[in-house]
Amino acid sequence: MKKKTLKKGKMSVRSIIISTLLLAVTGAVIAGALIVPGHILSTQAYAREGIVTPVPTDYYSGPSEAIVKNASRQLTEGQCLSLIYGTWDSIISPAQPSECNFTEYEIATTYDYSVTSYYQKWYSWYATPYKAVDTTFKTYAAIFWKVTFTKYDGTEEKTYYITEGGTHLDPNAIEYDFTK
């Protein structure tokens, strides 16, 4: 038996059929890879259209500390007072040191020279920061401090409230129980 040999450059019918089938299968796979995911996504989108589900509460944790601090820097002293006194709906709570622009030492020593010079005879002081945060978006916060001067023998104690902008506050107008 003599083997049939092909001349160079010519393909057998079988090779042509296999090449054509391989090309068709490859084209089908590529077309499927491009079309099927889009079809699945559009089908799922249309299936969910018009369905409203409640958003989990942990999605609304509120703005970050950096956002609050940046937004609060833009408040005027009058807007801070509105937050503190409750004219602007707000909630007062103790503040963390990282939320404040000043340290306890800075607020007590730079309080007001006319007041602190009068209390040079006082032995000690302590300062506690508070914040008034708007109830709507919890984006704006006004920081204020409760500064207490105590006489060295503990017989007298004077308490003052001051904003970080230097405004003295009337504690009777602030709706918060500072004895907590």
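The values are calculated or read from the model by the stated rules, or taken from the named source; none is laboratory data. Being a predicted model, the structure only gives us computed values, none of them experimental. So basically every Cβ, Gly included, is an ideal-geometry build from the backbone, and we count neighbours across all protein chains shown. The accessibility values were calculated without ligands, DNA or RNA, using every heavy atom of the protein model including side chains. Shrake-Rupley method; radii C 1.70, N 1.55, O 1.52, S 1.80 Å.
Observations, loosely collected:
- Considering the conditions (1) open to solvent by 60 Å² or more (accessible area, probe 1.4 Å); (2) closer than 21 Å to Asp170 by Cα; (3) modelled with pLDDT under 90, Tyr119 is excluded by exactly one of them, (1).
- For Ile84, the stated conditions hold: it is part of a helix (DSSP H, G or I) and either in contact with a Cys (Cβ under 9 Å, 6 or more places away or on another chain) or modelled with pLDDT of 85 or more (or both).
- Pair list, Cβ < 6 Å and 6+ apart or interchain, from the range 53-66 residues that are modelled with pLDDT under 75 to residues that are surrounded by 10 or more Cβ atoms within 10 Å (Cβ to Cβ) and of a type outside the set (Lys, Arg): Pro63/Thr139
- Put simply, of Thr109, Thr87 the only residue that is of a type outside the set (Lys, Arg), surrounded by fewer than 16 Cβ atoms within 10 Å (Cβ to Cβ), over 22 Å from Phe149 (Cβ atoms) and over 20 Å from the mean Cα position of the chain (by Cα) is Thr87.
- Phe144 closer than 21 Å to Lys69 by Cβ, out of contact with any Lys or Arg (no Cβ under 9 Å at 6 or more places or on another chain) and either at pLDDT 90 or above or open to solvent by 30 Å² or more (accessible area, probe 1.4 Å) (or both): no
- Scan the range 90-106 for residues that are outside any helix (DSSP H, G or I), open to solvent by 60 Å² or more (accessible area, probe 1.4 Å) and not hydrophobic (A, V, I, L, M, F, W, C) and the total you get is 4.
- Output for the range 74-84, where each listed residue is open to solvent by less than 60 Å² (accessible area, probe 1.4 Å) and of a type in the set (Ser, Thr, Tyr): Ser82
- Meets criteria (in a loop (DSSP other than H, G, I, E, B), of a type in the set (Lys, Arg) and open to solvent by 50 Å² or more (accessible area, probe 1.4 Å)) for Lys158: no
- Residue-level check: of (1) open to solvent by 60 Å² or more (accessible area, probe 1.4 Å); (2) under 24 Å from Phe144 (Cα atoms); (3) among the aliphatic types (A, V, I, L, M); (4) in a helix (DSSP H, G or I), Val68 misses just (1).
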